[in-house]
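Where a number appears in this text, it was derived from the coordinates with a stated rule and is not lab data. What you are looking at is a predicted structure, and each value in this text was computed from that prediction instead of being measured. A quick note on method: Cβ atoms are made from the backbone with ideal geometry, for glycine too, and the neighbour counts reach across all protein chains shown.
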Amino acid sequence: MSIRFDGRVAIVTGAGNGLGRSHALGLAGRGARVVVNDLGVKTDGSGGSTSAADRVVGEIAALGGEAMASTASVTDFAAVEAMVREANERWGRVDILINNAGTLRDKTFAKMELDDFRAVLDVHLMGAVNCCKAVWETMRARNYGRIVMTTSSSGLYGNFGQANYGAAKIALVGLMNVLHQEGAKYDIRINTISPTAATRMTAELMPKAMLDLMQPESVTPAVLYLVSDEAPSRVILGAGAGSYARVTIEETAGVYLSEDQRTPEAIQARFTEISAPEGARALENAFQQTDKYVHQAAAAKGIDLTAKP
């Protein structure tokens, strides 16, 4: 079954270049009307130039699609609200949001200024929060929404010199987990892409032979699936260089320790058993962890939790 977006309206942040541009073109090529959001950079180094966004809008128009440019900073909630309002006024709806805007300020934690830490969190985490908040009520009212967060292997697994970036990127997974639960009854599906691609942000980090294999266009099919009508929800999907993999967070079965065994020495002695992968599973919500622990304790103590007091 062909995936199409006819009649849908999508917002893609950071869409003037790289991954965002590829996502915007991919959506437009399958029928979506697209808000191409990119802060842009003027010749004096400040933000607010529409040149990058305008170029992508022109590319979409040349393909016969509809698009509008926006230079709203994702860190400015009022500007994001105005962008969403303009999209609603022009096209009557917003169905899809792809949070792609990002920035890097890499340094080791010892050398990193806290302003650089906050700046990266502000763009990646609060930028996504601002955009989600701005579209949330209109999606709830229409009982339809598709949102994609952009995480990173730096957040999922760690990367030297990227404490700020890694912290922001893993925080987006937590945001997805909660919005998935709150949006479920409104058919708002939230997923996360973990891309690896040759972009302005990675150009200086890898050799050319690797970058040549990592075209942004190889990530976009995964993103389009995650915002389609039949999309899953609460999925982390890795994508890059033509490879696609699902990332899961699991908890081991663990062990129960009686009151007289609850010492750090006992945990040390049984850490291999605690860490054993057999029986590990992905939990669906926070209460499942509590429920699991309580049931293990009850089983060990012979307590029937179903008995009425």
Subject >> Largest-first ellipsoid semi-axes for the chain, taking √(5λ) over the Cα gyration tensor eigenvalues, angstrom >> reply: 39, 24, 18
Original post:
Considering the alpha-carbon set of the stretch 43-194 alone, what are its Rg and its Dmax in angstrom?
Top reply: 16.6, 51
Original post:
Check GLY145: other-chain or 5+ apart residues with amide H under 5 Å from its amide H, H built from backbone geometry?
Top reply: ILE188, ARG189
Original post:
Given the Cα-Cα distance of ARG142 and HIS295 and 0.36 nm per residue of separation, how much length would full extension add, in nm?
Top reply: 51.1 nm
**OP:** Taking only the C-alpha atoms, wrap a convex hull around the stretch 218-309 and report its volume per residue in Å³ as a whole number.
**Re:** 158 Å³
**OP:** Determine, for SER218, SER243, the number of other Cβ atoms within 10 Å of each Cβ, and report the residues in order from fewest to most.
**Re:** SER243, SER218
Original post:
Given DSSP loops and a limit of at most 11 other Cβ atoms within 10 Å, what is the longest stretch of the chain that contains no such chymotrypsin sites (Phe, Trp or Tyr not before Pro)?
Top reply: 161-309
Original post:
Within straight cross-link reach of LYS107, meaning Cα distance under 18 Å, which lysines are found once same-chain residues fewer than 8 apart are removed?
Top reply: LYS169
**OP:** Kindly work out what percent of the DSSP beta bridges joining two residues of the stretch 1-100 are antiparallel, to the nearest 5.
**Re:** 10 percent
**OP:** Go through the stretch 233-297 and name the trypsin sites (Lys or Arg not before Pro) that are in a DSSP coil and have 15 or fewer other Cβ atoms within 10 Å of their Cβ.
**Re:** ARG262, ARG270
**OP:** About the Cα centre of the chain, how large is the charge dipole given +1 on each Lys and Arg Cβ and -1 on each Asp and Glu Cβ? Please answer in debye to the nearest 20.
**Re:** 420 debye
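First select every other residue whose beta carbon is under 10 angstrom from the beta carbon of THR138; then total the charges, Lys and Arg +1, Asp and Glu -1.
On the way: positive: ARG85, ARG93, ARG140, ARG142; negative: ASP95, GLU137.
Around THR138, the surrounding residues sum to +2.
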Subject >> Partners for LYS185 among aspartates and glutamates (Cα-Cα distance below 18 Å; same-chain residues under 8 apart left out) >> reply: ASP95, GLU137, ASP229, GLU230, GLU284
Original post:
Under unit Cβ charges (Lys, Arg +1; Asp, Glu -1), what dipole magnitude, rounded to 20 debye, does the stretch 1-146 have relative to its Cα centre?
Top reply: 500 debye
Original post:
Can you list the residues of the stretch 106-142 with backbone N under 17 Å from a point 7 Å past the Cα of GLU89, pointing along Cα to Cβ?
Top reply: 135
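Suppose R0 equals 25 Å. What FRET efficiency, 1/(1 + (r/R0)^6) with r the Cβ-Cβ distance, do ILE3 and ALA62 give to the nearest 0.05? Write out the running numbers ahead of the final one.
Working: r = 22 Å, r/R0 = 0.89.
Between ILE3 and ALA62 the formula returns 0.65.
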**OP:** Kindly provide the trypsin sites (Lys or Arg not before Pro) of the stretch 124-220 that DSSP labels as loop, not H, G, I, E or B, and whose Cβ sees at most 12 other Cβ atoms within 10 Å.
**Re:** ARG200
Original post:
Can you work out the FRET efficiency for the pair LEU213 and GLU273, with r the C-beta to C-beta distance and R0 = 41 Å, to the nearest 0.05?
Top reply: 0.50
Original post:
Averaged over all directions, how much area does the convex hull of the C-alpha atoms of the stretch 233-286 cover when projected, in nm²?
Top reply: 5.9 nm²
Original post:
In straight Cα distance, which lysines are under 18 Å from LYS292, not counting same-chain residues fewer than 8 positions off?
Top reply: LYS301
